[in-house]
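Let me begin by presenting the structure, written as structure tokens, before commenting on it.
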Amino acid sequence: MPEDKNFSAINLNAAGIDIGADRHWVSVPVGRDNESVRSFGCFTANLYAMADWLKICGVKTVAMESTGVYWIPVFQVLESCGLEVRLVNAHYVKTVPGRKTDVLDCQWLQQLHTYGLLSGSFRPQEQICVLRSYIRQRDNLIKSACVHIQRMQKVLTQMNLQLHRVISDITGTTGMAIIRAIVTGERNPDVLASHKDGRVKASCAEIAAALTGDYRLEMVFILQQELQLYDFFQIQLSACDAQIEQCLASFGSKVDVNASPLAKPKRRGKKQPGNAPQFDLRSELYRMSGVDFTQIDGLGAVSVLTLISELGLDATRFPTVKHFTSWLGLCPGSRITGGKVKSSKSRRVVNRVAATLRTAAQSLCRSHSALGGFYRRLAARLGAPKAITATAHKLARIFYRLWTTGNLYTDPGLDAYEQQYRDRTLKNLKKKAQAFGLELIPISDPTECVS
């Protein structure tokens, strides 16, 4: 590739790699070898041969472009050999026209990286990557189990067993007891209704009426298979939780839980929410991070585990909170042309951290907290989608402040937030009145006029 004299080279020992499914094309600076562009296979021996050739050519830093997961083995091998590796977002370099071959792709990456025009994608430390793999596998197991729950409910509906009409969750204590009794051959609605847990609001008569249906043989067989598959994924989920517990125990302690115990959880009741692990996850997260992130309204222990597994414990990777929210795609956009703001829509990204924060923001719709009041005020004015994004942005800023400082989070309360909003609104009204030469005078009687 021709060298542009208008730019000064920053990374003189830079290489570019175009990742492929079966071959990887590598470009090094001209003059380092007889051939400045070479291709290597995807086998492990080929990857180590690639690393050796890069070292012979005096390469210190490498930029690679890839989609999917083909880059992971290359990244790990090159990093283990002492090279600085940067994974470049393909969206940032694909819009340049005229590059239609793998050779030109790797040469273009090498040239851009030489001039310091490429920034690498975020990748946490290796220990966090291990935890992240477990958490993502756990999420896949939960999604797979949900598929079989939906199929069980479909089979029950086909037999006109309206169990979901009388209990809130068919996978709860009452629902699973009734389903297992049906699979073992029980057909008497009164006997099935006797499995009702004391916390269920529906009466035994109502449950028995809902369980009077057409118990077709083929449907019961399908229900049995779906139940067995659901139980299988629950076993796998328990095994994955055991691995996660061991992985969390391998992290160093930033705080002594016995000397500085956790505050009482905000969630009432002893039941674990959703598909939470059976061990004390909140204490483990507090021990390894030194911060109780669950004090933030909307963030539970499972949500915090997802955030830490994706972000890690090193907050210095994001210099400021603006870098952090921009990476999440939660900050307002800045499309300005000709001095006019064309769009302030937030950038669309695929990010598990942002998705977790959006879910947490949506759960604040009925929260009696300052964040809950903030969400409801924006939802009434802008609609739920924009309110979720704005609240997720605020949650991200609070999380970053605790992440970087290690301070505690204290909810000011709904009343304090409403008073603060009222004072701010009144202050803005006074400024507008002064701009028109008017004065706001408080009245005690609503029927009086303001002069």
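The values are calculated or read from the model by the stated rules, or taken from the named source; none is laboratory data. Keep in mind it's a predicted model, so treat the numbers as computed, not measured. Quick reminder, even Gly has a Cβ in these numbers, built from the backbone with ideal geometry, and neighbours come from all protein chains shown. Remember, those area values only see protein heavy atoms, side chains included, never the ligands or the DNA or RNA. Shrake-Rupley method; radii C 1.70, N 1.55, O 1.52, S 1.80 Å.
Numbers at a glance
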| read-out | value |
| --- | --- |
| Residue list for segment 177-215, restricted to those being free of Cβ contacts under 8 Å to residues at least 12 places away in the same chain, closer than 21 Å to residue 155 by Cβ and either touching an Asp or Glu at 6+ places or on another chain (Cβ under 7 Å) or not in a helix (DSSP H, G or I) (or both) | 184, 185, 186, 188 |
| Test: residue 266 is open to solvent by 50 Å² or more (accessible area, probe 1.4 Å), part of a loop (DSSP other than H, G, I, E, B) and among the basic types (Lys, Arg) | yes |
| Qualifying residue in segment 327-335 (condition: under 23 Å from residue 359 (Cβ atoms), of a type outside the set (A, V, I, L, M, F, W, C) and either in a helix (DSSP H, G or I) or at pLDDT 90 or above (or both)) | yes |
| Among (1) crowded, with 16+ Cβ neighbours inside 10 Å; (2) more than 24 Å from the chain's Cα centre (by Cα); (3) in contact (Cβ under 8 Å) with a residue 40 or more places away in the chain - the single one residue 170 does not satisfy | (3) |
| First in segment 407-428 and under 13 Å from residue 377 (Cα atoms), second anywhere and open to solvent by 90 Å² or more (accessible area, probe 1.4 Å), Cβ under 7 Å, 6 or more apart | 414/368 |
| Spans of helices (runs of 4 or more DSSP H) in segment 45-146 with at least 3 residues crowded, with 16+ Cβ neighbours inside 10 Å | 71-80, 102-114 |
| Lone qualifier among 429, 371, 364, 408 - being of a type in the set (A, V, I, L, M, F, W, C) and assigned to a loop (DSSP other than H, G, I, E, B) | 408 |
| Count - residues of segment 147-162 that are farther than 15 Å from residue 230 by Cβ and part of a helix (DSSP H, G or I) | 2 |
| Given (1) under 14 Å from residue 403 (Cβ atoms); (2) β-branched (Val, Ile, Thr); (3) without any contact (Cβ under 8 Å) to a residue 24 or more places away in the chain; (4) surrounded by 12 or more Cβ atoms within 10 Å (Cβ to Cβ), index of the condition residue 349 fails | (1) |
| Unique match (being free of Cβ contacts under 8 Å to residues at least 40 places away in the same chain, part of a helix (DSSP H, G or I) and polar (S, T, N, Q)) among 260, 283 | 283 |
| Options 384, 392: the member that is among the small types (Gly, Ala, Ser), at pLDDT below 95 and farther than 18 Å from residue 414 by Cβ | 384 |
| Filter result for residue 384 (over 22 Å from residue 291 (Cβ atoms) and small (Gly, Ala, Ser)) | yes |
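Residue-wise test of (1) among the hydroxyl-bearing types (Ser, Thr, Tyr); (2) open to solvent by less than 30 Å² (accessible area, probe 1.4 Å); (3) over 22 Å from the mean Cα position of the chain (by Cα).
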site	(1), (2), (3)
215	yes, no, yes
247	no, yes, no
253	yes, no, yes
257	no, no, yes
277	no, yes, no
